[in-house]
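Q: Structure in structure tokens, see below.
The numbers here are math on the coordinates, done by the rules we state, and not lab data. Please read these numbers as outputs of a predicted model, since none were measured by experiment. Cβ sites come from the backbone with ideal geometry, for glycine too, and all protein chains shown count toward neighbours.
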Amino acid sequence: MRRESGNMVLEAAIFLPVMFILLVGMLRIGEITYLYYQIKKALYATAEYVAAQQGVDFCADTTGQIAAAKNFGLTGTSDGSAAYAVGVPEHTATAATMTLAF
């Protein structure tokens, strides 16, 4: 009887770290999935904004339409005055870069 009382402590010492690692892993996968969909949403909004514009010059952005589209995708405003809307909320739009490749 005396030997069996230590088994429960040993099993808990083995089981609890494994469960903790699995829980943390699930949280990280959730964060990564959330960030992926936020970035996807921002790129979709940017592409939709550019598609609705007339006469966009993709080679030399002399009118600022591409910059306005990037700001719209990242902040929700074309002038970039709002807070950074994608991903981690404590960042600002000036800290983010978006590359449009055609």
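Q: List the residues, sorted by chain then number, that are 5 or more residues from V56 or on another chain and whose placed amide H is less than 5 Å from its amide H.
A: So V56 has HN proximity to no qualifying residue.
Q: A follow-up question, please. Tell me, in nm to one decimal, what length is gained between T77 and A52 on full extension, where the rule is 0.36 nm per residue of separation less the Cα-Cα distance?
A: 7.5 nm
Q: Using 0.36 nm per residue, how much length does the chain from I21 to A60 gain when fully extended, once their Cα-Cα distance is taken away?
A: Numbers: separation 39, 0.36 × 39 = 14.04 nm, distance 4.96 nm.
That pair, I21 and A60, stretches by 9.1 nm at full extension.
Q: Could you order the peptides 58-66, 11-19 from most to least packed, using the average number of other C-beta atoms within 10 Å per residue?
A: Ranked by mean Cβ neighbours within 10 Å, highest first: 58-66, 11-19.
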